[in-house]
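Chemist: This is the structure, below, for whatever I ask next.
Here, each number is a calculation from the coordinates, and none is a lab measurement. Everything numeric in this text was worked out from a predicted model, so none of it was measured. We place every Cβ from the backbone using ideal geometry, glycine too, and count neighbours over all the protein chains shown.
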Amino acid sequence: MNRRGVEFTVVEVEPGLWKWCFQIGEAATTGKTQTSLMGMATHRVQQRIDRELRKQRGLAQRWPT
């Protein structure tokens, strides 16, 4: 799946437990979330991606290269 140019995966590892991962630049991020719905697990990963992208954008504005 893709969120704002970031590829990510969400896989159910057992009923109600989802493992996810994505990579932004060199940093890979992984985690787990508990929910019975794949759509909710996907939404949580998308929120995490948005948060990480905001962090990077904020750092880029403070420290121009």
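Chemist: Based only on other Cβ atoms within 10 Å, what is the fewest-to-most ordering of Lys55, Lys19? Before the final figure, lay out each step's value.
Modeler: Values: Lys55 11, Lys19 15.
So the ranking, lowest neighbour count to highest, is Lys55, Lys19.
Chemist: Could you please rank Phe22, Phe8, placing first whichever residue has the fewest other Cβ atoms within 10 Å of its Cβ? Could you put the intermediate results ahead of the total?
Modeler: Details: Phe22 22, Phe8 18.
Starting with the residue having the fewest Cβ neighbours, the order is Phe8, Phe22.
Chemist: Related question: Roughly what percent of Cα-Cα pairs across the chain reach past 19 Å?
Modeler: Numbers: 718 of 2080 pairs.
The calculated P(r) of the chain puts 35 percent of pairs beyond 19 Å.
Chemist: Only Cα pairs under 8 Å and at least 6 apart count here; give the relative contact order of the chain as a rounded whole percent.
Modeler: Rounded, it is 23 percent for the chain.
Chemist: Arrange the following residues from fewest to most other Cβ atoms within 10 Å of their Cβ: Leu17, Leu37.
Modeler: Numbers: Leu17 14, Leu37 10.
Listed from fewest to most nearby Cβ atoms, that is Leu37, Leu17.
Chemist: A follow-up question, please. Taking θ = phi - 60°, what integer Hz values does the Karplus form 6.51 cos²θ - 1.76 cosθ + 1.60 yield along segment 29-34, in sequence order, with x for Gly and Pro?
Modeler: 10, 10, x, 10, 9, 9
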